[in-house]
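The numbers here are math on the coordinates, done by the rules we state, and not lab data. Since this is a predicted model, take the numbers as computed values, not measurements. Quick reminder, even Gly has a Cβ in these numbers, built from the backbone with ideal geometry, and neighbours come from all protein chains shown.
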Amino acid sequence: MRDPKLWQRCLDYSLPRGPEGQDFAAWCAEEADITPSQAKGLLRDYKRFTYLAASHALEDPVAAGLVGRVAELHEASGDGPRYRREVLNGASWRVRARLRRAERDALTRAYEAEFGEAPYGWYWDSRSKAVYWAIAALFIIAGAGLAALDGSLAPLALGGIPAALVLLYARTRGKMAGSNGMSDAARYGGGMGGAG
């Protein structure tokens, strides 16, 4: 590690409380629509990113995806400038929705060199829900086409039901299920389909 003292300062720094008094991880979980355990991992990666920026392991640091969202929340809290000044020796970075190929490659090299593992890609990707909207639209269009051919509204309703389920999944996938993708009821055998 280039600068163990800097890394320790990053680890020791207490991030501020959210606007409703919740801890920073809880605020990030709410804002990013992820679970609290995912938010804790995300904050670890945010601090790793800030360390890479301050230690000059990255020539042109760019915070993207969920890490970028944490950087924005930290700025919005009013604490970001203090963290950069007191812990990071004035380091700065840009925030963007997505990393370019060269930026992703540079981040991966620096991250692996400093932390001995690759960055968790999910934290660095945009969480756009456009794909879900497109799938839902296809279900509705297919239902409308079949309704026109059939002369009834039943196919349209049958297209609308999966569309609604896709959008419901897109909206709640970080909150209705645990980090392994299973709800507590499914994990412990509760509910109608459980082993009991």
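Provide the FRET efficiency to the nearest 0.05 for the residue 140-residue 95 pair, computing r from the beta carbons and using R0 = 22 Å.
0.05
Over the alpha-carbon set of segment 4-124, work out the extent along each principal axis and list the three values in angstrom, largest first.
Here the Cα extents, ordered largest to smallest, are 38, 29, 23 Å.
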